[in-house]
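Reading through the structure tokens given below for one structure.
Please treat every number below as a calculation from the coordinates, not as lab data. All figures in this text were calculated on a predicted structure; none of them were measured in a lab. Here the Cβ positions follow ideal geometry from the backbone for every residue, glycine too, while neighbour counts run over all protein chains shown.
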Amino acid sequence: MHRINPLVTVTLSLAAIAAADPARAADEPDFSGVWQAYASVPLFGPGGAAALTEEGARLVDAYFAQFGDNYVEHGAYCVPPGMPATMTAMVSYPIEIIHSPNRLTMLAELDMQVRRIYTDGRELPDDYVTTRMGYSIGRWEGETLVIETRLLGEYLMRQWPRTENTQIVERVYRANRDKLGVERNGFPPESESNDVLVFEMTVSDPTLYKEPQRVTMYYQRIPEAEFLEYDCTAGVWEQALRVF
């Protein structure tokens, strides 16, 4: 059996990246940095009971009916919400974006979640496992990144329920906060930066929603030092130790 030299593999991989996207640095905006949501229009986003179809309401009600008065909030046990709730949260937790060739990596402080948006031209897979964050691919339309997310695991919370058929489309672009005219309506402190990332999000699922649900999120740039560790599970572990 012939073994592949790892140095050769790395060299070939880097060459493939350069060949696939030689103009990336020159033509694409750079979204790198730490960002925090400071405004949402509408304030908390749609997805509530009024937006649901009869079948959607039945599914959500049936989910909660299993527990009666014993339902435990998922966040109390460090279970991350996934998409789209991670990107629509207005609770002061920032995201860090690492912008590299053929991929954006988003690190969410909330529950230490990770999103990977592939921009190398691939299609959405048809045999990939469903997850809370789903599978995301992106394409550039000028200076706007269009992200499509599918393959989401079922999650029947009242505000942003989803099924395996849910599709999320985001249009992301840079803007100047002074020119947007959008008032702060979240918890984050005032930022000195005028640099903003706008996420125009559309969530579609004909089983759950009467029509596509839309929300626009505004993220301000903040200092990198404000991105901290979200050590939620340590508390759960300490609680378990006290039980024993």
Checklist line | Relative contact order of the chain, pairs being alpha-carbon contacts under 8 Å that are 6 or more residues apart, as % | finding: 25 percent
Notebook entry, point to check: Helix-derived [θ] at 222 nm for the chain: sum -39500 (n - 2.57) over DSSP H runs of at least 4, divide by residue count, nearest 500?
Noted result: -6000 deg cm²/dmol
Checklist line | Label-point separation in nm, PHE67 to ARG103, each point 7 Å along Cα→Cβ | finding: 3.4 nm
Check: Roughly how tilted is helix 6-20, in degrees to the nearest 10 and between 0 and 90, from the longest Cα axis of the chain?
Finding: 80 degrees
Margin query: Cβ neighbours within 10 Å, averaged per peptide: list 61-71, 84-94, 200-210, 111-121 in order, most packed at the top.
Written below: 84-94, 200-210, 111-121, 61-71
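For GLU96 and GLU54, calculate 0.36 nm times their separation in residues minus their Cα-Cα distance, and state this gained length in nm to one decimal.
On the way: separation 42, 0.36 × 42 = 15.12 nm, distance 3.80 nm.
This chain segment gains 11.3 nm when fully extended.
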Checklist line | Extended-chain gain in nm, criterion 0.36 nm per residue less alpha-carbon gap, ALA240 and ARG214 | finding: 5.3 nm
Item checked: Residue-by-residue Karplus 3J(HN,Hα) for the stretch 82-93, coefficients 6.51, -1.76, 1.60, Hz, glycine and proline x -> x, 8, x, 4, 4, 7, 9, 5, 10, 10, 6, 8
Next item on the list: Please say if the stretch 142-244 is rounded, prolate or oblate, where rounded means a/c under 1.5 for a ≥ b ≥ c the square roots of the C-alpha gyration tensor eigenvalues, and otherwise the choice is prolate for a/b larger than b/c and oblate otherwise?
Entry: oblate
Item checked: Projected label distance in nm at THR207 and GLU164, using a 7 Å step from Cα toward the beta-carbon -> 0.8 nm
Note to self: Can you list residues from other chains, or at least 5 along the same chain, whose modelled amide H is less than 5 Å from the amide H of TYR209?
What the structure shows: THR53
Notebook entry, point to check: What relative contact order, as a whole-number percentage, does the stretch 58-172 give when Cα pairs under 8 Å and 6 or more residues apart are counted?
Noted result: 19 percent
Checklist line | Net lengthening on full extension, GLU148/ASN194 (0.36 nm per residue, minus Cα-Cα) | finding: 13.8 nm
